[in-house]
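Worksheet: one structure, shown below.
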Amino acid sequence: MKKKQVLFTFDYELFLGAKSGSVNNCMIVPTNKVVERLNQYGVKGLFFVDCSYLYRQEAIIEQNSKAKTDYLTIKNQLEKLIEEGHYIYPHIHPHWIDAIYNVKLNEWNLENSSKYRINSLTIDEQNQHFDNAMKALNNILKDANLHYQIDAYRAGGWCIQPFELFAPLFDKHKITTDFSVLGGAYKKGNTLNYDFQNIEFNASPYRFDESVNIKSKNGKYNEFPISSILINKNTLANKVINKILWKIPYGRNKGNGIGAVFKNFSNTPSNYDLSKEMVSIELFTINKLKTYRKYLEQNNYMQFISHPKMISKHNLDVLSLFLKKINTKYEIESDWRKIKI
Ligand SMILES: [Zn+2]
């Protein structure tokens, strides 16, 4: 059987705008549901845990019993994920620094997104926040039976540029592998801000040194890029399916928050291929099943990026169909540590 590398990565986080939503609806319940499917087919997940959030949460749990319950529920879930062989790694969203906790709602307001990217902080603040967030992750994992090193990272909102800001932080915390590159993607805005046009949308893992955009054979760091598929979003079938799914509970998630507001500062380049779409469980609808399978036929590496808070029952059913099919056709490697670059 042909070997294929398929990675299932997740941003384990609340909503990052005016309303964070609840821990149960955005993290715990949807994560359990998706992990059930992964376990059923024997594939591993990589969970990038928003540890900027953990850092803020940690500070309020002694005064707020509901916040403490949330924290302990997350701790339990992460320990269980590790027991089951999944991976936990850090994910940092610096604008948590300015988040405001609402005691009554037991939710956060992250409307102030002025610190969305790490380069909005001074070098000292960057260092401090990275340290605090890493410490919060280590605190919550202190009782877990860790069977690996915390040596991988995903930047909040794919904002890993300029990498020269991250290199010293990576070195300090012994992080060697990045998962933040979305090959071919470009956005210049108030929150999301990245340019990965030098990397192919179907890139395989590679090494790099100073810039995630420049591959370097013997580079110091590893990059496991997120994959994209090319899909015509304007077909009638696509529009109809999305419209129907949006109207029924089967097609929607119960994630109950409001995301960060995104404003574009500049237009996308004229040669930009708008049919590119990230490979993701929350975007995986039945009309795309063929395209995903074809992608894997033509490529040996595929990385999903998903957000439990966005995944619907329909997405899970399509994921199961996909996993079932590819498991009979290929030998699937879902453990990134077994992938040689
Ligand atoms: Zn995130």
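Note on the chain: GNM, Cα springs under 10 Å; of 254, 104, 239, the largest mean-square fluctuation is that of 104. Here the 3J(HN,Hα) profile of the stretch 22-32, calculated from phi with Karplus coefficients 6.51, -1.76 and 1.60 at θ = phi - 60°, is 9, 4, 4, 6, 9, 10, 4, 5, x, 5, 4 Hz, Gly and Pro shown as x.
Rounded to whole numbers, the Karplus 3J(HN,Hα) couplings from phi for the stretch 312-321 are 9, 4, 4, 4, 5, 5, 5, 4, 4, 4 Hz, using 6.51 cos²θ - 1.76 cosθ + 1.60 with θ = phi - 60°, and x at Gly and Pro.
Seen from residue 14, the other residues with C-beta closer than 12 Å to its C-beta sum to a net charge of -2, counting Lys and Arg as +1 and Asp and Glu as -1. Across the chain, the relative contact order, built from alpha-carbon pairs under 8 Å that are at least six residues apart, equals 26 percent.
Paramagnetic label reach from residue 195 (point 7 Å along Cα→Cβ; backbone nitrogen cut-off under 11 Å): within the stretch 108-124, no residues. Of the residues 105, 169, 182, the one with the fewest other Cβ atoms within 10 Å heads the list, and the complete ranking is 105, 169, 182. If you build a Gaussian network model of the chain, linking Cα atoms that sit under 10 Å apart, which residue out of 175, 326, 311 swings the most? Of 175, 326, 311, the Gaussian network model singles out 326 as fluctuating most.
Just check the stretch 51-129 against the gyration tensor rule for me: Cα atoms, a ≥ b ≥ c as the square roots of the eigenvalues, rounded for a/c under 1.5, and otherwise prolate or oblate depending on whether a/b exceeds b/c. Because a/c hits 1.5 or more and a/b fails to exceed b/c, the stretch 51-129 counts as oblate. A Gaussian network model of the chain, with springs between Cα atoms under 10 Å, assigns the largest mean-square fluctuation among 328, 176, 73 to 328.
Between residue 76 and residue 327, how high is the FRET efficiency from 1/(1 + (r/R0)^6) when r is the Cβ-Cβ distance and R₀ = 25 Å? Nearest 0.05. It comes to 0.30.
Multiplying the residue separation of residue 61 and residue 186 by 0.36 nm and subtracting their alpha-carbon distance yields 41.1 nm. Among 288, 340, 142, the ranking by other beta carbons within 10 Å of each residue's beta carbon, starting with the fewest, stands as 340, 142, 288.
For the chain, the spherically averaged projection of the C-alpha convex hull amounts to 16.8 nm². Taking 4 °C and 1.567 mPa s as conditions, the stretch 1-158 diffuses translationally at an estimated 79 µm²/s according to Stokes-Einstein applied to its Kirkwood radius (Cα pairs).
You can think of it this way: the chain between residue 172 and residue 264 has 29.8 nm of extra reach, that is 0.36 nm per residue less the Cα-Cα gap. Here, P(r) means the percent of Cα pairs in each 5 Å bin from 0 to the largest distance; for the stretch 100-177 it is 3, 12, 19, 23, 18, 14, 9, 3, 0.
Taking Cα centre as origin and charging only the Cβ of basic (Lys, Arg, +1) and acidic (Asp, Glu, -1) residues, the dipole magnitude of the chain rounds to 1440 debye.
Counting beta carbons within 10 Å around each of 124, 143 and listing the fewest first gives the order 124, 143.
Read the figures in this text as sums done on the coordinates, not as results from a lab. Quantities reported herein were computed from a predicted structural model and do not represent experimental measurements. Cβ: placed from backbone, ideal geometry, glycine included. Neighbour counts: every protein chain shown.
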